[in-house]
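Following: one structure in structure tokens, then a few remarks.
The values are calculated or read from the model by the stated rules, or taken from the named source; none is laboratory data. These numbers come from a predicted model, not from an experiment. Methodologically, a virtual Cβ is constructed for each residue, glycine included, from the backbone with ideal geometry; neighbour enumeration extends over all protein chains shown.
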Amino acid sequence: MNVSGLIRSPAASLLAIVCLLFTSRPALAQSDGYVLYLNEYLTGDYYYASLWGLDSESPPLVNPRQLRLPRGFRRNVELGNADVSIDGTTIVFAARSIADLDWDIYTGTIDRFRRRIRNVQGLIQTSGGRDEDPRISWDGASVVYKCDGNICIYPEVYPNPVVESWCELWAPSFAPSGYAVSYTKRCGDGGSDRIWEYDLLTGEEAPVPNIGGGADRFAYYLDDGRLVYSHIDSESGTSSLWEHDTGSVSLLHDRTSSDDDPYPDKHDRDRIAFIGWNDDSGHYDLYLYRRSHGDSVRLTGNRPVLGPVLFR
């Protein structure tokens, strides 16, 4: 037998071993997407984590990583709510200037591999104004946000781009069609909070039916136009997830602690992220409601979570 063809250089042998390892190992499990959140209002930072095994009986807790902003920018601002485009590449977020306390809205590019937010630039900056609570439209072309006590659209390409009210308006979101927005309206104390929808073409608004006995907040659209939101019981102070569909409302998930900031997966209406209060730790944990399972699972432990956003 001629064995000369089997003799290889050390480099070639090493390469062959590496190739054998990668071709013989089982395929890596695919991520079920990502979550981004703020760990503390104003003084905190943005974190993200991969989601795994969301269809299993007990999905593992997430392992968050900080998304770092440019140092020169970060040292001059305090951070608020954020949103991520449906393709997972662009972030819009609210930040308050430490110098003049103005709230402005910024945009940047998410670089998960380097754990950074790059290309940060001002998107909406109103001198002396309070611009916050940004949400990106489903096609990525527009941003709806809270402008002082009203709701505004950027850019102003709609016939009726501003929702004005003597009440406090906040927590807006875009309908998948792009022609309507929802928001929370407060015309008194916190118990008066209600969800409203506004037609950007006609300028007409209408309330989402309230089941009574408490406030409704933090509505967000599913891909088929339904709304999910949080209902806060006036007596116990506990919250539950509800869904609105063409005039009717139905209970999605009932808990004994706070269910706030619901944010559905834009690629899978089966999954809705929300935060729930943890009495032991004294902060909010991340939960995921799973429609197909009829349950919710906790995805963080001993890590404060605010304003979770699901993306792919």
Query raised in the report: Hey, any hits in the range 228-237 for a residue that's modelled with pLDDT of 90 or more and charged (D, E, K, R)?
Result: no
Report summary line: Filter the range 122-143 for residues that are assigned to a strand (DSSP E or B) and aliphatic (A, V, I, L, M); the one that is nearest to D87 (Cα to Cα) is I136
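Conditions tested, residue by residue: (1) in contact with a Ser or Thr (Cβ under 6 Å, 6 or more places away or on another chain); (2) over 16 Å from L38 (Cα atoms); (3) crowded, with 19+ Cβ neighbours inside 10 Å.
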residue	(1), (2), (3)
D83	no, no, yes
I86	no, yes, no
A99	no, yes, no
D104	no, yes, yes
F113	no, yes, no
G122	no, yes, no
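For (1) within 25 Å of R271 (Cβ to Cβ); (2) under 20 Å from the mean Cα position of the chain (by Cα); (3) assigned to a loop (DSSP other than H, G, I, E, B); (4) at pLDDT below 95, each residue gets a yes or a no:
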position: L14; (1), (2), (3), (4): no, no, no, yes
position: L20; (1), (2), (3), (4): no, no, no, yes
position: Y47; (1), (2), (3), (4): yes, yes, no, no
position: F73; (1), (2), (3), (4): no, no, no, no
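For the range 177-184, indicate whether the set of residues that are outside any strand (DSSP E or B) and either closer than 23 Å to S239 by Cα or of a type in the set (G, A, S) (or both) is non-empty.
Yes: the range 177-184 contains one or more residues that are outside any strand (DSSP E or B) and either closer than 23 Å to S239 by Cα or of a type in the set (G, A, S) (or both).
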Query raised in the report: For the range 187-204, which residues satisfy the criterion of being at pLDDT below 95, within 18 Å of P161 (Cβ to Cβ) and surrounded by 18 or more Cβ atoms within 10 Å (Cβ to Cβ)?
Result: L200
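Scan the range 164-192 for residues that are over 25 Å from K266 (Cα atoms) and in contact with a Leu (Cβ under 9 Å, 6 or more places away or on another chain) and jot them down.
R186, the sole residue that qualifies.
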Report summary line: Per the filter on the range 212-237, residues surrounded by 13 or more Cβ atoms within 10 Å (Cβ to Cβ), out of contact with any strand residue (DSSP E or B) (no Cβ under 6 Å at 6 or more places or on another chain) and over 15 Å from F174 (Cα atoms) are none
**Report entry** Residue selected from the range 255-312 under the condition of a type in the set (K, R) and assigned to a strand (DSSP E or B), by the criterion farthest from D216 (Cα to Cα)
**Finding:** R298
